[in-house]
Amino acid sequence: MRLLATVRSLVLVAFLANACAARDATAREAHQRQGQPVGAGTQIRRTSRPLICVDPGHPSEIGRGASGRCVPEMDAVWAIAIDLAGRLRRSGVSVVLTKARRTQMVTNRDRASVANRAGADLMLRLHMDASSDRGMAVVYPADEGIVGTVRGPSAEVRWRSHAAAKAFHASVTRDLRGIVRDRGLWTDRRTSVGARYGALIGSIHSRVPSVLVEILTVTNQDDERLYLNRTTRSLIVGALHRASLCALAAARDSAARPSAHTSGPRTIDRLFSLPVVPVRTRGP
């Protein structure tokens, strides 16, 4: 009888362990589907699908973001992030967001940690600028920065971020020609935070390729009207979607090509095939 009771206990323990594991896996998948950030310490099991971490900027330790007459940056980039995430998933790309709610405060270090823990192929950071200028800028880390005792990003991450940013910029400017003014391809140092630390705080903590997009200048009335127009906003998100796929392909391809910027040869198990997305040129 004692032996039978022991066997039953072992069977019950095994059953509960499997049930808990299945529950945790289901919860992680639900978080991914809903665009919720993964909890601290959680390790995500990678699939064969490429993964982009979409980071709707603000609120963070830097502040709540810029605001136009009608549109706060925080609200605009959250709406764009949700739309973009859906389009990317329909293209076969896995997506994780850095926050679960529009108003959720997440530090730039924690935002980078979400992408790092997920093993993202690319981190795409969405912002809107406050400036006397107007239009879109694409930003990437070209230099090592330091915040506190942390230095980063690595030479390899900087190299791959540059490749991704170049591909993103080329695609999005071609797609939005005549609609959104191109402010250029910038390094982190051109921003106020990047000039202070050598790189943006999120870039310093990032261990994956990172590209930041100042989608529009929300303090400019003409740019704000572009966002408020549903048709134009949909065109912008479509352009961001296609540019994200181009950046993803470039980031992955650059990982397989050792360069003078990396610290030695790399072995990449495989690259994933991405769909070829036609790009329509609008405007002159």
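Right, Ala115: under 20 Å from Ala199 (Cα atoms) and crowded, with 19+ Cβ neighbours inside 10 Å or not?
Values: under 20 Å from Ala199 (Cα atoms): yes; crowded, with 19+ Cβ neighbours inside 10 Å: yes.
Answer is yes for this residue.
Scanning the range 184-210 for residues that are touching an Asp or Glu at 6+ places or on another chain (Cβ under 9 Å) and either surrounded by fewer than 18 Cβ atoms within 10 Å (Cβ to Cβ) or assigned to a helix (DSSP H, G or I) (or both) turns up Asp188, Arg189, Gly194, Ala195, Tyr197, Ile201, Gly202, Ser203, Ile204, His205. Kindly provide the set of residues from the range 110-137 that are of a type in the set (Lys, Arg) and either under 17 Å from Ile201 (Cβ atoms) or not in a loop (DSSP other than H, G, I, E, B) (or both), ordered by number. Within the range 110-137, Arg111, Arg117, Arg125 meet the criteria. Listed by first and then second residue, the pairs with beta-carbon distance under 8 Å, at least 6 apart or on different chains, first residue in the range 142-159 and under 15 Å from Ala251 (Cα atoms), second among the β-branched types (Val, Ile, Thr) and part of a loop (DSSP other than H, G, I, E, B), are Ala155/Thr262; Glu156/Thr262; Val157/Val208; Trp159/Thr262.
Of the residues making up the range 234-251, none is crowded, with 18+ Cβ neighbours inside 10 Å and either of a type in the set (Phe, Trp, Tyr) or modelled with pLDDT under 80 (or both).
Being out of contact with any Cys (no Cβ under 7 Å at 6 or more places or on another chain), under 19 Å from Cys246 (Cβ atoms) and without any contact (Cβ under 8 Å) to a residue 40 or more places away in the chain, is that true of even one residue in the range 89-103?
yes
None of Arg177, Arg225 is outside any helix (DSSP H, G or I), over 14 Å from Tyr140 (Cα atoms) and either among the basic types (Lys, Arg) or at pLDDT below 95 (or both) except Arg177. All of Leu126, Leu212, Leu122, Leu200 fail the test of being modelled with pLDDT of 95 or more, out of contact with any helix residue (DSSP H, G or I) (no Cβ under 6 Å at 6 or more places or on another chain) and closer than 25 Å to Arg64 by Cα, apart from Leu212. Of all the numbered requirements in (1) in a strand (DSSP E or B); (2) among the hydrophobic types (A, V, I, L, M, F, W, C); (3) buried (at least 18 other Cβ atoms within 10 Å of the Cβ); (4) touching a Phe, Trp or Tyr at 6+ places or on another chain (Cβ under 8 Å), Ala164 misses one, and that requirement is (1). The one condition from (1) out of contact with any Lys or Arg (no Cβ under 7 Å at 6 or more places or on another chain); (2) closer than 30 Å to Asn229 by Cβ that Arg109 does not meet is (2).
Looking only at the range 66-100, residues that are assigned to a loop (DSSP other than H, G, I, E, B), of a type outside the set (Gly, Ala, Ser) and within 16 Å of the chain's Cα centre (by Cα) come to 3 in all. So the check is Cβ under 7 Å with 6+ separation or different chains; which pairs have a first residue in the range 206-231 that's within 18 Å of Ser171 (Cβ to Cβ) and a second one that's surrounded by fewer than 24 Cβ atoms within 10 Å (Cβ to Cβ) and of a type in the set (Gly, Ala, Ser)? Partner pairs satisfying both residue conditions: Glu214/Ala137.
The values are calculated or read from the model by the stated rules, or taken from the named source; none is laboratory data. This is a predicted model, so every value here is computed, not measured. Because the Cβ atoms are built from the backbone with ideal geometry, glycine has one as well, and the counts that use them run over all protein chains shown.
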